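Peer 1: Handing you this structure, nothing more for now.
The values are calculated or read from the model by the stated rules, or taken from the named source; none is laboratory data. Nothing here was measured: the structure is a model prediction, and the numbers come from that model. Backbone-built Cβ (ideal geometry, glycine too); neighbour counts: all protein chains shown. Protein only, heavy atoms only, side chains kept; ligands, DNA and RNA dropped before computing areas. Shrake-Rupley method; radii C 1.70, N 1.55, O 1.52, S 1.80 Å.
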Amino acid sequence: MVFLKFNKVVYFSAKIKSKQPFTHAWERLKEVLDRHRITYGFLKGTENIWCRDYMPVQVDNKRFVQFQYDPPYDRVNTRYDSLYVNRLNGIEAEHIDIKLDGGNVVSGYDKAIISERVFDVNPDYSPQKLVKKLEKVLEAEVIIIPCLGPGLDMTGHADGYVRFVNKGTLIGNDRRLEYKSWT
């Protein structure tokens, strides 16, 4: 799922409608989206439904940044051709030399929350230089949060930990209480 917050459209991989076991979940989600009059669309050419992780991050109404998608937790299925998917869907993105999954960026209110996993996958950057570059690229103050680590959280994505409720409020998730298959 990719949420384009500026034009209020939620985009999903087109595969969510046809790939088991997600079809039932899609039908339920579609009912909720329709009931609340939330506009949604589908990205063409995606390899799996987790497109938020390998698609560009939207910085503002017209600016997208494409990070390098090379997660340490998925060495078999990480070869997603983001350039192809972007081109197929008319998305122009600035390419950044930082390894970062889109799911590890929770942004809002001039802030971007990212888990410390970003340091592990970018050893060529000092933490200070990495944060400084991320702040420039994302045009936001970057807040680094801890992740639970191997065995407790496979991805280390900030979107599994926190969400903005409003400018002064975050809601958090205790990953230790999740089903083992999710963690």
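Peer 1: Cross-link candidates for residue 111: which aspartates and glutamates have Cα within less than 18 Å, leaving aside residues fewer than 8 places away along the same chain?
Peer 2: 60, 101, 135, 139, 141, 159
Peer 1: Could you bin all the Cα-Cα distances of segment 15-111 into 5 Å bins starting at 0 and give me the percent of pairs in each, rounded to whole numbers?
Peer 2: All Cα pairs, binned at 5 Å, distribute as 2, 12, 19, 22, 20, 16, 8, 2, 0 percent.
Peer 1: On to the next question. Suppose each label sits 7 Å from its Cα in the direction of the beta carbon; what would the residue 30-residue 141 distance come out to in nanometres?
Peer 2: 4.3
Peer 1: Computed over the Cα atoms of the chain, what is the convex hull's projected area averaged over all directions, in nm²?
Peer 2: Orientation-averaged projected area of the Cα hull: 10.8 nm².
Peer 1: Please figure out what share of the DSSP beta bridges in the chain is antiparallel and state it in percent, rounded to the nearest 5.
Peer 2: In the chain, DSSP labels about 50 percent of beta bridges as antiparallel.
Peer 1: For segment 66-72, take each phi angle, set θ = phi - 60°, evaluate the Karplus expression 6.51 cos²θ - 1.76 cosθ + 1.60, and give the result in whole Hz per residue in order, putting x for glycine and proline.
Peer 2: Per residue, the Karplus-derived 3J(HN,Hα) values read 9, 7, 6, 9, 8, x, x Hz.
Peer 1: Continuing with this model, one more query. Can you work out the PRE-style zone for residue 48? Point 7 Å along Cα to Cβ, and I want the residues of segment 82-115 with backbone N under 15 Å.
Peer 2: Correct set: 82, 101-104.
Peer 1: Leaving out ligands, DNA and RNA, what percent of the accessible area of segment 11-107 is carbon and sulfur, probe 1.4 Å?
Peer 2: Here carbon and sulfur together make up 50 percent of the probe-accessible area.
Peer 1: Show that you can apply the helix-only estimate: for the chain, add -39,500 (n - 2.57) for every DSSP H stretch of four or more residues, divide by all residues, and state [θ] at 222 nm to the nearest 500.
Peer 2: Value at 222 nm, helices only: -6000 deg cm²/dmol.
Peer 1: Using label points projected 7 Å from each Cα along Cα→Cβ, tell me how many nm separate residue 8 and residue 166, to one decimal.
Peer 2: Those two pseudo-labels are separated by 1.8 nm.
Peer 1: If you don't mind, another one. Treating only the Cβ of Lys, Arg, Asp and Glu as charged (+1, +1, -1, -1), what charge dipole size does the chain show about its Cα centre? Round to the nearest 20 debye.
Peer 2: 540
Peer 1: With a 10 Å radius around each residue's Cβ, average the other Cβ atoms per peptide and rank 20-26, 97-103, 112-118, highest first.
Peer 2: 112-118, 97-103, 20-26
Peer 1: Given the peptides 47-55, 29-37, arrange them by the average over their residues of other C-beta atoms within 10 Å, most packed first.
Peer 2: So the order, starting with the most tightly packed, is 47-55, 29-37.
Peer 1: If you add up the charges near residue 27, with Lys and Arg at +1 and Asp and Glu at -1, over every other residue whose beta carbon is less than 15 angstrom from its beta carbon, what do you get?
Peer 2: With Lys, Arg at +1 and Asp, Glu at -1, the net is +4.
Peer 1: How much length is gained if the chain between residue 110 and residue 173 is pulled fully straight, taking 0.36 nm per residue apart and subtracting their Cα-Cα distance, in nm to one decimal?
Peer 2: Contour length minus Cα-Cα distance gives 20.5 nm.
Peer 1: Report the full-extension gain for the segment residue 38 to residue 81: residue separation times 0.36 nm, less the Cα-Cα distance, to one decimal in nm.
Peer 2: Stretched fully, the residue 38-residue 81 segment lengthens by 12.6 nm.
Peer 1: Under a 1.4 Å probe, what is the accessible area of the chain per residue, stated in Å²?
Peer 2: Accessible area per residue: 61 Å².
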